Amino acid sequence: MRRLSDRALAEIETARREEDSARHALLTALRVVQEERRQVGPDEVVQIAALLSLSPATVEGVARFYDQISEEATGRQVLSLCRGISCQLCGADPLAREVLDNLGIEDGGRTQDGSLTVRLVECIGNCDQAPTGMLDTAFVGPLTSTVLSELLTRWRR
Amino acid sequence: MTRILTRHTDQPDQVQLDVARRGGAYQGFEAALSRSRQEVIQEVEASGLRGRGGAGFPTGRKWSFIHPAPDRPVYLLCNADESEPGTFKDHYLLKRDPHLVLEGIAIAAYAIGAHKAYLYLRGEYASLAMVMAGAIEQAKAAGILGDSCLGSGYGLRVSIQLGAGAYICGEETGLIQSLEGRRAYPRVRPPFPASAGFLDQPTVVNNVETLANLPWIMTEGADRYAGVGTGRSAGTKLVSLSGQVSRPGVYEVTMGRPLLQFLNEEGGGMPPGRQLKAVIPGGTSVPILSADEAAGVTIDYESMQAAGTMLGSGGMIAFDDTAQMPPALLRIAEFYAHESCGECTPCREGTGWMAWVLKRLLAGEGRVNDLDLLLRTGDNMEGRTICGLGDAAVQPVQSFIRKFRPEFEALLPPAPDPSPPWQRHGHGPRSARMGPPAVEAALSEPVEGPPTASL
Ligand SMILES: Cc1cc2nc3c(=O)[nH]c(=O)nc-3n(C[C@H](O)[C@H](O)[C@H](O)COP(=O)(O)O)c2cc1C
Ligand code: SF4
Ligand code: FES
């Protein structure tokens, strides 16, 4: 089992110490581990459980509830494309189709070299930039074919 | 018009404490600290401020349910989960005036006797968590937050919690569950959060925009606030405008402003050459209005209610005459099916079925009675669920179908022969037991379920 980095361990420990209940630190732990390992799979579940003195079943149960915590590893970067209603009204569907086809993947899929995961997501709260999305934690938009292909070329380099 | 929430949102560097303070930041907190908690609660009650998270519950009244006891810590939770489709006003405030939000949190925490507050941000707002963390650090360093806020002896700590992607975390008890490190399954009420919320302690959950009104109320007074807006809708409302409209964005609107005037003036009207077809006034959880219905409506709680819809979160989504209602409704129904937490059967199964039936309609595999099936499914969900998501999911389905029925009917298979079977086949009335042909056909087909709801 790979060890978590000292930085990640410290972050989890801070959350655990600062908050009024140890269990409360679970959500933060899941986020920190997801960011570092790009997944919370069986190994990660066991590690988090040990750190927070929780049962692996508890950690697993909570992890699977949240969309941003993934069982399978994501690519090094994640492109989230919004398919919410406002984005749909502004032409998000054909754009998303184009991106997925160009990369040869489906919703939630990862490129063959493992560098990028593309996800179709629900409204991300950035609807005035529709059609919009996120590259990791940065909002991008309004998206057009041109903007997206530029984004993807830059990512390929 | 009176600007209460967006006075400084265009100010460059407003995220910096010194810039914000030059504009008056934390004067409202100072004013609050100079009074007793009860006086602050009374002031907010008198202002008429109502919750901006969707339900419109009077804020001062909500606070008055809190009874601090020496052995029971009180918590304030600021709801920044903002996941209602079409809503991005909290995003705007957090990004452009973080100190305003933080000051609102501080005032509310003081009023309810909380010494610990959490800002619960949806996971997608990680970049805003950085902005807010910066604001909290600056406020701590300046002695605004900490063991003795502004030298008053009142202590307050504020922490940020990021979510991880689940709409239901915006529902107040779902938020509490999530903050406790659990699946965000909403809780059955009672007990209400005011008596047993976060860690079973007295808790108030308030929306970002609600809290952002407090500094102004504290400095300008309840009377002035109550004088802005109309009747039972005091103050202003942030409207998140999106969809098919020329100038989407966040606008501060005085309650009572005519909806169409707002759409045409601030919103710049429809894209060139298009006409307004419909508008969802308050996020996808409220009934849609046709263009005709929208014509008489003003932006406030009462007018929306009279028109059979709600102000909700103020997430206004415009549809022009090129919009097709069935695929739009499918998208919305899929959202609720995806986001139902699965805790109660009517919502878990109902949202799944509604999305499933709409999907088959759009795929050209609809059945003659599908529209009625959709309406009936909704009737069987409403009022039978633990939290408001079940009801919310029904609103778009019923209002879209009732108001734009011909577009949905066009997707149905050709109507069956309406004459009763005995007339067609020359049988006696006994064969009527077989029921109308449609039901017969439906029953003879294997019953397919919706895709398994994700738990
Ligand atoms: C399914 C569902 C989702 C909700 N999402 C949010 C949300 O994202 N933000 C919010 O402030 N309130 C949301 N609410 C309303 C909260 O439950 C709660 O009423 C609100 O945060 C109270 O704050 P207020 O009184 O200041 O409006 C949601 C309610 C439901 C039923
Ligand atoms: S109504 Fe839906 S979202 Fe709310 S508790 Fe029930 S299943 Fe969960
Ligand atoms: S619908 Fe795409 S960001 Fe809201």
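Derivation of every value follows stated rules applied to the coordinates shown; laboratory data play no part. Predicted model, so just to flag it, every value in this text is computed and none were measured. Backbone-built Cβ (ideal geometry, glycine too); neighbour counts: all protein chains shown.
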Which value in Å is the Kirkwood Rh of the stretch B:91-206 over different Cα pairs? 14.8 Å
Tally the DSSP beta bridges in the stretch B:17-226 and give the antiparallel ones as a percent, rounded to 5. 15 percent
For the stretch B:219-340, what is the percent of antiparallel DSSP beta bridges, rounded to the nearest 5? 80 percent
Students often forget the sequence filter, so: which lysines lie under 23 Å Cα-Cα from B:Lys403 once same-chain residues fewer than 8 apart are removed? B:Lys277, B:Lys359
Largest first and rounded to whole Å, the semi-axes √(5λ) derived from the alpha carbon gyration tensor of the protein assembly as shown read 41, 30, 25
Mind ranking B:163-170, B:105-112 by how tightly packed they are, going by the mean number of other C-beta atoms within 10 angstrom, highest first? B:105-112, B:163-170
Could you name the lysines in cross-link range of B:Lys140, using Cα to Cα under 22 Å and dropping any fewer than eight places away on the same chain? B:Lys95, B:Lys116
For B:Gly104, what is the net charge nearby, where nearby means another residue's Cβ is under 12 Å from its Cβ and Lys, Arg count +1, Asp, Glu -1? -3
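What's the average, rounded to a whole number, of partner chain beta-carbon atoms within 10 Å of each residue's beta-carbon in B:120-127?
Whole-number average of other-chain Cβ neighbours for B:120-127 is 5.
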The lysines whose Cα lies under 20 Å from the Cα of B:Lys89, excluding any fewer than 8 residues away in the same chain, are B:Lys237
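Kirkwood hydrodynamic radius, computed over distinct alpha-carbon pairs, for the stretch A:1-57: how many Å, to one decimal?
It is 11.1 Å.
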Sorted peptide list for B:320-331, B:338-349, A:53-64, criterion being average Cβ within 10 angstrom, highest first: B:338-349, B:320-331, A:53-64
Averaging over every viewing direction, what projected area does the convex hull of the Cα atoms of the stretch A:77-156 cover, in nm²? 4.4 nm²
So what's the Cα pair-distance distribution over the stretch B:206-260, bin width 5 Å, in %? 4, 17, 24, 24, 15, 10, 5, 2
Calculated diffusion of the stretch B:235-320, Stokes-Einstein form, Kirkwood radius summed over Cα pairs, 4 °C and 1.567 mPa s, µm²/s: 106 µm²/s
Helix-only mean residue ellipticity at 222 nm for chain A, each DSSP H run of n ≥ 4 adding -39500 (n - 2.57), per residue, nearest 500: -14000 deg cm²/dmol
For B:Gly146, which sequence-distant residues (separation of 5 or more, or a different chain) have an amide H within less than 5 Å of its own amide H, given hydrogens modelled in the peptide plane? B:Leu156
For chain A, which cysteines have no second Cys with its Cβ under 4.7 Å from theirs? A:Cys90, A:Cys123, A:Cys127
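Any number yet on Rg/Rh for the stretch B:17-226, C-alpha, Kirkwood?
On the Cα set of the stretch B:17-226, Rg over Rh gives 0.93.
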Equivalent-ellipsoid semi-axes of chain B, from the Cα gyration tensor, Å, largest first: 46, 25, 18
Among DSSP bridges having both ends in the protein assembly as shown, what percentage is antiparallel? Round to the nearest 5. 50 percent
Helix B:98-112: angle to the longest alpha-carbon principal axis of chain B, degrees 0 to 90, nearest 10? 80 degrees
Under 5 Å between amide hydrogens, which residues at least 5 positions from B:Arg257 or on another chain qualify, with H placed 1.01 Å from N in the peptide plane? B:Ile299
Report, as an integer, the average count of C-beta atoms from other chains found within 10 Å of each Cβ along B:321-332. 2
Show me A:21-30, B:72-81, B:309-318 ranked by packing, highest mean number of other Cβ atoms within 10 Å first. B:309-318, B:72-81, A:21-30
What does the average come to when, for each residue of peptide B:244-252, you count the partner chain Cβ atoms lying within 10 Å of its Cβ? 2
